[in-house]
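Novice: Sharing a structure, written as C-alpha cells. Questions coming.
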Amino acid sequence: MTEPWQWDESTWRGHIQRVRAGRSLKPSSWPGGARVAVALSFDSDHETIPLRDAETQPGKLSQGEYGSRVAAGHEVGIHGWIHERNVHLEPHAERELTLRAADTLERVSGVHPVGIRTPSWDFSDATLSVILELRLLYDSSLMADDEPYEVVANGEPTGLVEIPVEWIRDDAPYFSFDRYTAIRPYTVPRDGLSIWQDEFDAACEEHGLFQLTMHPHIIGHRSRMAVLAALIEHVKACPGVWWATHADVARYVSGR
C-alpha cells in the first residue's frame, strides 16, 4: 500500500479536488440593507448519540432526553438518522439512512427539508452524491470559509450552497461533559460567550454571516442559556441585523 507521503501529484490532487469551495456567495448586501446576517441553529441529537454507540443505559439516554424537553419552533433540516458516522459507513448505508431521515422529517413535520447538516459534520466520499440526489438547497457541514459559497465537485460547480460551520462556533467543544472520556468543559461558559461575541463583531464589521451551531441538550442548561441570552443581547445592540434561518440565507445568496 502506498503511504500518503508517497502519493504522486495526480493522486493527492484527486483527493483535494473531490469536494472544494467554489465561488463565494457572500452578497453585496443583505435583505433590507442589513449590515450582518445571523443564523442560529440547533442540532437536536436527543438520544441518538448513545444509541449509535449501543449505550442503552438510562443515565446516558437521559442526557439526550433533556434536549427534547426544552426546544421547539425552528426550520427543520436533516441531521442523520441515528447520528451515524458517515465516514465509517458503506455508501449504500449512508444513502439509506439519509433518505430515511428525510422521509421521516417530511412525514412528521409536513415540510420537505431543504438542507442538511451531517452528524458530527462527517462528510464522506459519498455524502455529496446523496445530497445532490435529494436536490437539497444547502449543506452546512463543511468549513472552507466563513461566508456562504458554492460547492464544487471535481472542478465542476454543483449549485449546492454551503453555509459553513466551525468548531469554534459550536457549543459542544466548550460545554460538553462526559464522565468517562476526556470530553470536559475546559472553558468557562462566559469565555465561550467572549469568543462568540468576537466572531459576531468581525462578521458585522465585514458585512458577512454569523452562523452558530448549538444543541438543546448542551446549551439548554441554565448557566449556558445565560450565555446564549447574553449573546443575543449583544447581537441586538448592533444596528442592521438580519435574523435568518439557514434556508433563508441559502435562498437569498443563491437567488432561489
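Novice: Suppose the filter is assigned to a loop (DSSP other than H, G, I, E, B), farther than 22 Å from residue 143 by Cβ and of a type in the set (Phe, Trp, Tyr); does residue 186 pass it?
Specialist: no
Novice: While we're looking at this one, here's another question. Could you tell me which residue of the stretch 153-177 is nearest to residue 252 (Cα to Cα), considering only residues that are charged (D, E, K, R) and not in a loop (DSSP other than H, G, I, E, B)?
Specialist: Looking at the filtered set, the residue picked out is 162.
Novice: Same structure, new question: Collect the residues in the stretch 159-195 that are surrounded by fewer than 19 Cβ atoms within 10 Å (Cβ to Cβ), small (Gly, Ala, Ser) and closer than 15 Å to residue 214 by Cβ, keeping them in residue-number order.
Specialist: Of everything in the stretch 159-195, those that are surrounded by fewer than 19 Cβ atoms within 10 Å (Cβ to Cβ), small (Gly, Ala, Ser) and closer than 15 Å to residue 214 by Cβ turn out to be 172, 176.
A quick yes/no check of all residues on (1) surrounded by 12 or more Cβ atoms within 10 Å (Cβ to Cβ); (2) more than 30 Å from residue 147 (Cβ to Cβ); (3) among the charged types (D, E, K, R); (4) touching a Gly at 6+ places or on another chain (Cβ under 9 Å):
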position: 8; (1), (2), (3), (4): no, yes, yes, no
position: 12; (1), (2), (3), (4): yes, no, no, no
position: 25; (1), (2), (3), (4): yes, no, no, no
position: 28; (1), (2), (3), (4): no, no, no, no
position: 33; (1), (2), (3), (4): no, no, no, yes
position: 39; (1), (2), (3), (4): yes, no, no, no
position: 45; (1), (2), (3), (4): yes, no, yes, yes
position: 57; (1), (2), (3), (4): no, yes, no, no
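Novice: Could you grab me the full set of residues in the stretch 150-165 that are free of Cβ contacts under 8 Å to residues at least 60 places away in the same chain and either of a type in the set (A, V, I, L, M, F, W, C) or closer than 17 Å to residue 79 by Cβ (or both)?
Specialist: Answer for the stretch 150-165, where residues must be free of Cβ contacts under 8 Å to residues at least 60 places away in the same chain and either of a type in the set (A, V, I, L, M, F, W, C) or closer than 17 Å to residue 79 by Cβ (or both): 160, 164, 165.
Novice: Report yes if residue 64 is on the phi > 0 side of the Ramachandran plot, outside any loop (DSSP other than H, G, I, E, B) and either out of contact with any Gly (no Cβ under 8 Å at 6 or more places or on another chain) or surrounded by 18 or more Cβ atoms within 10 Å (Cβ to Cβ) (or both), otherwise no.
Specialist: So residue 64 does not fit the description; no.
Novice: I've got another one for you. Suppose the filter is at pLDDT 95 or above, on the phi > 0 side of the Ramachandran plot and either within 16 Å of the chain's Cα centre (by Cα) or not β-branched (Val, Ile, Thr) (or both); does residue 207 pass it?
Specialist: The answer is yes for residue 207.
Novice: So, one more: Step by step: first the residues of the stretch 16-46, then only those that are of a type in the set (Ser, Thr, Tyr) and in contact with a strand residue (DSSP E or B) (Cβ under 9 Å, 6 or more places away or on another chain), then the one that is modelled with the lowest pLDDT. Which residue is that?
Specialist: Selected residue: 41.
Novice: Looking at (1) part of a helix (DSSP H, G or I); (2) more than 30 Å from residue 232 (Cα to Cα); (3) in contact with a Lys or Arg (Cβ under 8 Å, 6 or more places away or on another chain), which one does residue 125 not meet, given that it meets all the others?
Specialist: (1)
Novice: Using the structure shown, decide if residue 55 is modelled with pLDDT under 85, in contact with a Leu (Cβ under 6 Å, 6 or more places away or on another chain) and over 30 Å from residue 251 (Cα atoms).
Specialist: No, not satisfied.
Novice: Which is under 26 Å from residue 67 (Cα atoms), at pLDDT 95 or above and not charged (D, E, K, R), of 128, 137, 142?
Specialist: 142
Results for (1) touching a helix residue (DSSP H, G or I) at 6+ places or on another chain (Cβ under 9 Å); (2) surrounded by 15 or more Cβ atoms within 10 Å (Cβ to Cβ); (3) hydroxyl-bearing (Ser, Thr, Tyr); (4) closer than 12 Å to residue 36 by Cβ, shown as yes or no for each residue.
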site	(1), (2), (3), (4)
203	no, yes, no, yes
213	yes, yes, yes, no
231	yes, yes, no, no
240	yes, no, no, yes
243	yes, no, no, yes
251	no, yes, no, no
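Novice: With the requirement that a residue be touching a residue at least 40 places away in the same chain (Cβ under 8 Å), outside any helix (DSSP H, G or I) and out of contact with any Pro (no Cβ under 7 Å at 6 or more places or on another chain), what does the stretch 11-34 give you?
Specialist: Of everything in the stretch 11-34, those that are touching a residue at least 40 places away in the same chain (Cβ under 8 Å), outside any helix (DSSP H, G or I) and out of contact with any Pro (no Cβ under 7 Å at 6 or more places or on another chain) turn out to be 18, 19, 20, 21, 23, 24, 27, 29, 30, 34.
Novice: Looking only at the stretch 202-242, which residues are within 19 Å of residue 168 (Cα to Cα), assigned to a helix (DSSP H, G or I) and among the charged types (D, E, K, R)?
Specialist: If the condition is that a residue be within 19 Å of residue 168 (Cα to Cα), assigned to a helix (DSSP H, G or I) and among the charged types (D, E, K, R), then 205, 224 are the ones that fit.
The values are calculated or read from the model by the stated rules, or taken from the named source; none is laboratory data. It should be emphasised that the depicted structure is a prediction, and the values quoted were computed from it without experimental measurement. No Cβ is skipped: glycine too gets one built from the backbone with ideal geometry, and neighbour counts run over all protein chains shown.
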